[in-house]
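Note sheet for the following structure.
The values are calculated or read from the model by the stated rules, or taken from the named source; none is laboratory data. Quick caveat: nothing in here was measured; it's all calculated off a predicted structure. Because the Cβ atoms are built from the backbone with ideal geometry, glycine has one as well, and the counts that use them run over all protein chains shown. Keep in mind that these areas ignore ligands, DNA and RNA; they rest on the heavy atoms of the full protein, side chains included. Shrake-Rupley method; radii C 1.70, N 1.55, O 1.52, S 1.80 Å.
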Amino acid sequence: MALSTQGAGRAGRAEPPPGGIRVRHQPVGSDFGLEEIQAIAQTLQQDAQTDGPQNRAFEAEFASLCGVPYAFTMANCSVALIVAGQLCGLRGGDEVITTPLTFVSTSTSVLSCGATPVFVDVDPRTFTLDPDAVAAAITPRTRAIYAVHLFGQCADMDAITAVARRHGLRVIEDAAHVAGATYKGRPAGSLGDAAAFSFHSRKNITTLGEGGMLTTRDAAWAAKVPLLRSIGVNHGVEHPAADYWLPLPYDVEAPDGYIPTNYRMSEAQAAVGRVQLRRLVANNARRRAIARRYTEALADVPGLVLPHEARAGEHIYYLYGILVDEAEAGFGRDALMRTLFCDYGVQTITGYPPAYWFSVYQSRGYPRGLCPVAERTYDRILMLPVYARLTDAEVDYVIESVVGAARRLRG
Ligand SMILES: Cc1ncc(COP(=O)(O)O)c(C=O)c1O
């Protein structure tokens with residue numbers, strides 16, 4: 001959803017190659033099998049179709065994956081990030097430090113809470129928040145840091161949380177890309193005050209196209225999430241007028257002054273998420289194996305900068321991003337994408353444009369050039385196909401194609 005194919009938007013959409021597409025960037029159709037269909041069929045027999053046993057079980061199982069006491073299903077990651085902002089108590093005038101190199105809803109969730117995103121630059125090797133840049137951007141108005149674990153690899157959370165602790169700030173993990181990844185042996189989702197995951201259909205785990213999860217260790221925050229997720233409805237409180245007539249079964253509150261709406265996930269989605277969760281470890285291992293083969297086979301192609309795995313964590317390769325260093329390669333990123341697609345039938349995609357390039361930020365006066373590393377990364381990066389269903393033959397073909405295209409382009 002967030003990434004454009006073949007540089008579309010700048011270079012336009014290329015014609016399909018004469019031989020057809022040989023390797024797609026994403027598998028055709030969904031990643032669902034018989035097990036998911038059976039889980040849905042069983043769930044359709046239940047009384048509850050929302051807010052029921054599948055949601056509760058999925059939450060417990062996901063909390064266990066993340067090693068945290070609390071997990072809450074959400075309609076998607078974008079709203080989980082908004083709820084996280086509400087838990088931080090964000091209001092107008094507050095600032096939140098974050099990265100521009102991510103899907104835009106990381107930062108628009110901050111705007112939705114009335115606060116102001118402050119974009120700082122990324123580490124040039126991992127593309128995640130640069131902790132020194134975070135420290136330099138803190139002002140008396142800073143309330144929180146939204147750290148994004150990008151492409152399947154966690155941000156440098158020890159350094160980021162150390163800065164946060166010094167200044168009394170909250171840390172939210174945007175964990176959309178990292179279900180099942182670890183950092184220094186600790187699971188993504190357990191590294192900040194709260195974390196937001198995405199189960200959009202392109203992610204390593206998906207719940208019928210849309211879905212999300214919010215995790216936290218904070219008991220006080222956990223007590224508020226059901227209200228923030230569900231219109232402020234509190235089933236545990238009797239209405240004050242209850243003593244002379246049937247007790248009303250619920251009250252409606254405005255927790256911390258926020259007026260919540262409905263961010264729930266359906267039971268069928270949660271049932272599918274539970275099946276997908278059982279496959280997550282194996283699927284992530286397959287993605288890592290594919291990435292390893294790419295990295296071994298492409299290491300000597302001049303001008304291609306392959307993903308850097310920071311030793312601190314286990315990268316689960318939601319995306320496999322290659323930077324094309326035009327000066328050394330003798331060709332640019334767009335030429336490589338076009339050749340891969342048109343001559344070899346290998347579909348690749350670009351990365352995230354820096355968020356502040358979009359109208360929503362340009363109209364608020366954010367200047368271009370704010371984060372040069374993020375901008376240069378967007379201009380030079382392309383993503384090779386990486387997903388569990390990719391066959392070894394397809395992986396070999398992608399490798400041959402990249403090597404062949406690079407040779408051809410160098411002339
Ligand atoms: C880093 C990041 N954060 C947040 C989101 C938003 O997730 P969702 O589509 O579940 O709202 C995405 C989705 O692509 C993402 O990649």
Using only protein heavy atoms and a 1.4 Å probe, report how much of D334 is accessible, in Å² to the nearest 10. 50 Å²
Computed [θ] at 222 nm, deg cm²/dmol, the chain (DSSP H ≥ 4; -39,500 (n - 2.57); rounded to nearest 500): -11500 deg cm²/dmol
Short version: ³J(HN,Hα) in whole Hz for each residue of region 230-235, in order, from phi by Karplus 6.51 cos²θ - 1.76 cosθ + 1.60 (θ = phi - 60°), x for Gly and Pro, what are they? 9, 6, x, 6, 10, 7
Per-residue accessible area for E35 at 1.4 Å probe radius, Å² rounded to 10? 90 Å²
Can you give the extra length, in nm with one decimal, that the chain gains between A285 and Q45 once fully stretched, where that is 0.36 nm per residue apart less the Cα-Cα distance? 83.0 nm
If I fit a long axis through the Cα atoms of helix 53-66 and take the longest principal axis of the Cα atoms of the chain, what angle between them do I get, 0 to 90°, rounded to 10? 60 degrees
Folded to 0 to 90 degrees: helix 267-298 orientation relative to the chain principal axis, Cα: 30 degrees
Cα centroids of region 85-99 and region 48-72: how far apart, whole angstrom? 26 Å
How much net charge surrounds A176 when only the other residues with a Cβ under 11 Å from the Cβ of A176 are counted, with Lys and Arg +1 and Asp and Glu -1? 0
Cα centre as origin, Lys/Arg/Asp/Glu Cβ charges: the chain dipole, Debye: 700 debye
Does anyone have the angle between helix 333-344 and the longest principal axis of the chain? Alpha-carbon axes, 0 to 90°, nearest 10? 80 degrees
Per residue, what accessible area does region 280-410 have, given a 1.4 Å probe and all protein chains present, in Å²? 42 Å²
Please report Rg over Rh for region 71-121, where both radii come from the alpha carbon positions and Rh follows the Kirkwood definition. 0.97
Region 34-276 - Rg (one decimal) and Dmax (whole number), Cα, Å: 18.4, 67
Given a 1.4 angstrom probe, I'd like the percentage of the accessible area of the chain that is carbon and sulfur, rounded to a whole number. 52 percent
Distance histogram in 10 Å bins (all Cα pairs of the chain, percent per bin): 5, 22, 30, 25, 13, 4, 1, 0, 0
Note: probe point = Cα of V305 + 7 Å toward Cβ; backbone nitrogen < 19 Å; residues of region 70-106 passing the test are 99-102
Nearest-5 percent of antiparallel DSSP beta bridges in the chain? 60 percent
Rel. contact order, % - alpha carbon contacts under 8 angstrom, at least six apart, the chain: 23 percent
Could you please put W357, W221 in sequence from largest to smallest accessible area, using a 1.4 Å probe? W357, W221
Of the listed peptides 50-57, 68-75, 225-232, what is their order by residue-averaged count of other C-beta atoms within 10 Å, with the highest listed first? 68-75, 225-232, 50-57
What full-extension length gain, to one decimal in nm, is calculated for R141 and D343 as 0.36 nm per residue of separation minus the Cα-Cα distance? 67.5 nm
Extended-chain gain in nm, criterion 0.36 nm per residue less alpha-carbon gap, Q362 and A223: 46.3 nm
Roughly what would the spin-label model give for E15 and D396, points 7 Å off Cα along C-beta, in nm? 3.1 nm
Calculate the all-directions average of the projected area of region 280-410's alpha-carbon convex hull, and give it in nm². 9.5 nm²
Cα centroid separation - region 380-401 against region 323-358, whole Å: 15 Å
Near H315, within a Cβ-to-Cβ distance under 11 Å, what is the net charge of the other residues, with Lys and Arg +1 and Asp and Glu -1? +2
Using R₀ = 41 Å, calculate the FRET efficiency as 1/(1 + (r/R₀)^6) where r is the Cβ-Cβ separation of R22 and D251; round to 0.05. 0.10
Karplus (6.51, -1.76, 1.60) ³J(HN,Hα), θ = phi - 60°, over region 37-48, in Hz, Gly and Pro reported as x: 4, 5, 5, 5, 4, 5, 5, 5, 7, 6, 5, 7
Under a 5 Å amide H to amide H cut-off, with H placed in plane at 1.01 Å, what residues pair with Y183 once short-range neighbours are removed? A188, E314
